[in-house]
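Undergrad: Below is a structure I'd like to ask you about.
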Amino acid sequence: MEPVIRPLIDEDCFEIGLNHIFPMADAARIAGEESWLCPDHLDPAMEKVRLGMKSWLVRAGGRTILVDTCIGQHKERPRHAAWHRRGSDRLLRDLAAEGLAPNDIDLVLCTHLHADHVGWNTRLEDGRWVPTFPRARYAMSRREVGDWRALAAASDVPVNHGAFEDSILPVVDHGLALYVTAGDELAEGVTVEALPGHTVEHFGLHLHRREGAALFCGDAIHSPIQLRVPEWTSAFCGDPDLAVATRIAMLDRAAEEGIELYPAHFRGAGSLRVRRDGNAFGPA
Ligand SMILES: [Zn+2]
């Protein structure tokens, strides 16, 4: 069976100031790009970047996989109003529309452990956080789990919006964490890939397909704006220089080899193929 890929939407659109997400942005660099960036990825005044939150459902190699789990439901996120005690269950409804229940998920890949990528790892049941996908193993970086554990232990206030305690630790405590490293094969034709920079051990998931590979690349790229200016890196990248180098290498390879990219935060169709365009890139 050929692989099947579907987006599951947790949040269709949120706006963030161009200079808030990309502190070094100069709007003049993207003048003239309105026709393909607006209105899906940029507001018409070109001041606000428009992003979404999506999880990718991948059925391949006999397994049913989710890449990232977005913001989640009922989480205490007092420092982020739009995430605080959210009621939306859209992501699970999108899953149901594919004919699947949480029990059908075999594997969750956490590209990294930021609060907007692990939220649906758990759900609230009788006042406790339990794994949303009880049959799944949750693939993640041992090093990143260790780093967040140490930071959470050393801090009196929630770090990472409290996501370690409510969205990662319950999975680990239920024995469902699967610690992976780059090169690990998670199913036939499905391999973990290193895309470091946004976080120290940020992962991608590489899917071999007959019509060309797919790369689920998480936050290695946040917006299609970065095709034009890949050196603009987000304010949330832990190692900005490494994030830029990883992004440029990834875009180069995607253009060269015809790899289709599936990032976490693109709106619209959500995936894209890219081409080289002078010193930068464009949509293919
Ligand atoms: Zn993110």
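The values are calculated or read from the model by the stated rules, or taken from the named source; none is laboratory data. Here the structure is a predicted model, which means the values were calculated and not measured. Backbone-built Cβ (ideal geometry, glycine too); neighbour counts: all protein chains shown.
Undergrad: Are any of the residues in segment 177-194 touching a strand residue (DSSP E or B) at 6+ places or on another chain (Cβ under 9 Å), hydrophobic (A, V, I, L, M, F, W, C) and within 16 Å of the ligand (Cβ to nearest atom)?
TA: No; the residues of segment 177-194 include none that is touching a strand residue (DSSP E or B) at 6+ places or on another chain (Cβ under 9 Å), hydrophobic (A, V, I, L, M, F, W, C) and within 16 Å of the ligand (Cβ to nearest atom).
Undergrad: Then there is this: Among strands (runs of 3 or more DSSP E) lying entirely in segment 218-284, which contain 3 or more residues that are away from the ligand (no atom under 16 Å from the Cβ), surrounded by fewer than 18 Cβ atoms within 10 Å (Cβ to Cβ) and not polar (S, T, N, Q)?
TA: In segment 218-284, the matching strands (runs of 3 or more DSSP E) lie at 274-277, 280-283.
Undergrad: With the structure loaded, tell me whether His174 is under 24 Å from Ala115 (Cα atoms) and within 15 Å of the ligand (Cβ to nearest atom) or whether it fails that test.
TA: No.
Undergrad: Out of (1) within 19 Å of the chain's Cα centre (by Cα); (2) outside any strand (DSSP E or B); (3) among the aliphatic types (A, V, I, L, M), the odd one out for Leu151 is which?
TA: (1)
Undergrad: Counting just the residues of segment 195-217 that are in a strand (DSSP E or B) and of a type in the set (A, V, I, L, M, F, W, C), which one comes out nearest to the ligand (Cβ to nearest atom)?
TA: Cys217
Undergrad: I'm trying to understand the selection: among the residues of segment 112-129, which are touching a strand residue (DSSP E or B) at 6+ places or on another chain (Cβ under 6 Å) and surrounded by fewer than 23 Cβ atoms within 10 Å (Cβ to Cβ)?
TA: Result: Trp129, single match.
Undergrad: May I ask you to say which residue of Ala139, Ala153 is among the small types (Gly, Ala, Ser) and surrounded by 17 or more Cβ atoms within 10 Å (Cβ to Cβ)?
TA: Ala139
Undergrad: Here's a follow-up. Whether any residue in segment 57-77 is out of contact with any helix residue (DSSP H, G or I) (no Cβ under 9 Å at 6 or more places or on another chain), within 15 Å of the ligand (Cβ to nearest atom), of a type outside the set (A, V, I, L, M) and at pLDDT 95 or above is what I want to check.
TA: No, the conditions are met nowhere in segment 57-77.
Undergrad: Can you pull out the residues in segment 68-87 that are under 18 Å from Ala264 (Cα atoms), surrounded by 14 or more Cβ atoms within 10 Å (Cβ to Cβ) and out of contact with any Ser or Thr (no Cβ under 8 Å at 6 or more places or on another chain)?
TA: Within segment 68-87, Ile71, Trp83 meet the criteria.
Undergrad: Now for a separate question. Taking segment 108-132 on its own, how many of its residues are more than 14 Å from the ligand (Cβ to nearest atom), among the polar types (S, T, N, Q) and more than 18 Å from Gly175 (Cβ to Cβ)?
TA: Of the residues in segment 108-132, 0 are more than 14 Å from the ligand (Cβ to nearest atom), among the polar types (S, T, N, Q) and more than 18 Å from Gly175 (Cβ to Cβ).
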